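Each remark here refers to the structure printed beneath this line.
The values are calculated or read from the model by the stated rules, or taken from the named source; none is laboratory data. Keep in mind that what you see is a predicted model, and the values were worked out from it rather than measured. So basically every Cβ, Gly included, is an ideal-geometry build from the backbone, and we count neighbours across all protein chains shown.
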């Protein structure tokens, strides 16, 4: 309950909490207007025996009550986790809006109103910051049909939504015109993403994602797939749901907002059940006076979704569904004998081939000094080598830069050598150095001379001349400058090459 996170304990088994304790405080503090759709949410027991949560847009400066304000942790733009015994709050990658879930291998997923399934590609604890390399943004939208994917509602559009859309399209009121001006038919209120880890529906459903669209009165299902050699998953609509949804209702009051995997292997739905679900800030005053935003405050339902012919399983300690594994892990932790049920970093890394973009990024991030980069350079290829060249430049290390220059010089005039040199030059520039300064022996002289010949050769392929010209942009000699100037002024220069030369001449 913003700004606080409470701990409640029933000490005598009567089903009523006898102990209330504030664990952390500070969510949403300092926000001029508290956004009710951006409150802290989705506490989950993680694969690492920490409790994880989604901060959402209100952010906060969060601390234990016994800590001074100066020790508060800034959680703006970050999710969080903490050890329930040590209570050591830690900022995690994120944040989205309402909903967060782990799959059976510990991968994390989040969602926002109009971005219904996002994969958290990496966690801060796995890959410490590298001064020479920045990993790609961790939150990745993975739905093959788009962030605000089509949905197939069967409930009628509420009159107030119809009027608001008309007003927005015509400019009567401000607000986003979504879906090309359609009232519905796409995600506008994605919420509560949950990866199904039960066994009642069979293996085809394992690690499927379920997302509510509370505004469209439905539950959407996505199959999370992995292409061979790829780290990044893809979320696709189940074939049997091609033009329907996993659950949908004609009742506008049906508001599925979050889900849970039950001990019986079934999926449970928390239905907020209310007349209107929309942010008050998003409803124009001319409409709001006709809408009762409190209608349903005293309502709410929990649904259990079971497959046809479901038989409630008998309790067994030998049962191996994920709920039971997770519960065993939690109880073991509470007893002082912690066990780990999954290793998410290993699960992520094992799925990718060496040339996968994420595999490349993770491997580069592990190179943390010039010696490691120099050692990796001779064996590097493709995109890995291109990015490694820039990292080496950033180190400004004489030996590592020298090794890269030797490789580039021996490669001759080619698209590859131009790409490597461009990357190395970019890295050196970031370190306030130039290629001329780190190459006093002019090791690149022969390759520049060959590039001048190729760039000036009117019989050479334009692509070859373009690659040569790209190399010459790094040479500050008068000879190379004259070649570039000649390409600009010559009537025989192809227009694409001329524009490239103009850009090079200007730089």
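Which one is surrounded by the most Cβ atoms within 10 Å (Cβ to Cβ), of the residues in the stretch 17-36 that are in a loop (DSSP other than H, G, I, E, B) and touching a helix residue (DSSP H, G or I) at 6+ places or on another chain (Cβ under 9 Å)?
Selected residue: 35.
Identify all residues within the stretch 367-384 that are within 25 Å of the chain's Cα centre (by Cα) and either free of Cβ contacts under 8 Å to residues at least 12 places away in the same chain or in a helix (DSSP H, G or I) (or both); write none if there are none.
The answer is 382, 383, 384.
Please state which one of 99, 77, 57, 106 is buried (at least 21 other Cβ atoms within 10 Å of the Cβ) and under 25 Å from residue 5 (Cβ atoms).
So the residue among 99, 77, 57, 106 that is buried (at least 21 other Cβ atoms within 10 Å of the Cβ) and under 25 Å from residue 5 (Cβ atoms) is 99.
Working only within the stretch 281-324, note down all residues that are exposed (fewer than 10 other Cβ atoms within 10 Å of the Cβ) and on the phi > 0 side of the Ramachandran plot.
Selection gives 309 alone.
Looking only at strands (runs of 3 or more DSSP E) that fall completely inside the stretch 221-321, which ones have 2 or more residues that are more than 29 Å from residue 344 (Cα to Cα)?
Qualifying strands (runs of 3 or more DSSP E): 301-305.
Among the residues that make up the stretch 41-50, is at least one of them more than 23 Å from the chain's Cα centre (by Cα), buried (at least 16 other Cβ atoms within 10 Å of the Cβ) and in a loop (DSSP other than H, G, I, E, B)?
Within the stretch 41-50, none of the residues are more than 23 Å from the chain's Cα centre (by Cα), buried (at least 16 other Cβ atoms within 10 Å of the Cβ) and in a loop (DSSP other than H, G, I, E, B).
Any idea how many residues of the stretch 80-96 are within 23 Å of the chain's Cα centre (by Cα) and under 22 Å from residue 1 (Cβ atoms)?
Counting residues in the stretch 80-96 that are within 23 Å of the chain's Cα centre (by Cα) and under 22 Å from residue 1 (Cβ atoms) gives 10.
Exactly one of these conditions fails for residue 436: (1) touching a helix residue (DSSP H, G or I) at 6+ places or on another chain (Cβ under 8 Å); (2) within 30 Å of residue 134 (Cβ to Cβ); (3) part of a helix (DSSP H, G or I). Give me its number.
(1)
Restricting the search to the stretch 420-440, which residues are crowded, with 18+ Cβ neighbours inside 10 Å and within 34 Å of the chain's Cα centre (by Cα)?
420, 421, 423, 424, 425, 427, 428
Could you list, in sequence order, the residues of the stretch 464-483 that are assigned to a helix (DSSP H, G or I) and either at pLDDT below 90 or closer than 16 Å to residue 408 by Cα (or both)?
If the condition is that a residue be assigned to a helix (DSSP H, G or I) and either at pLDDT below 90 or closer than 16 Å to residue 408 by Cα (or both), then 467, 468, 469, 470, 471, 472 are the ones that fit.
Examine the stretch 153-175 for a residue that is under 28 Å from residue 321 (Cβ atoms) and in contact (Cβ under 8 Å) with a residue 12 or more places away in the chain, and state whether such a residue exists.
Within the stretch 153-175, none of the residues are under 28 Å from residue 321 (Cβ atoms) and in contact (Cβ under 8 Å) with a residue 12 or more places away in the chain.
Taking the criterion of being closer than 26 Å to residue 339 by Cα, touching a strand residue (DSSP E or B) at 6+ places or on another chain (Cβ under 8 Å), at pLDDT 95 or above and part of a strand (DSSP E or B), would at least one residue in the stretch 54-75 satisfy it?
Checking the stretch 54-75: at least one residue is closer than 26 Å to residue 339 by Cα, touching a strand residue (DSSP E or B) at 6+ places or on another chain (Cβ under 8 Å), at pLDDT 95 or above and part of a strand (DSSP E or B).
May I ask you to verify whether residue 250 is on the phi < 0 side of the Ramachandran plot and within 26 Å of the chain's Cα centre (by Cα)?
no
Confirm whether residue 173 is under 23 Å from residue 107 (Cβ atoms), in contact with a helix residue (DSSP H, G or I) (Cβ under 7 Å, 6 or more places away or on another chain) and in a loop (DSSP other than H, G, I, E, B).
Answer is no for this residue.
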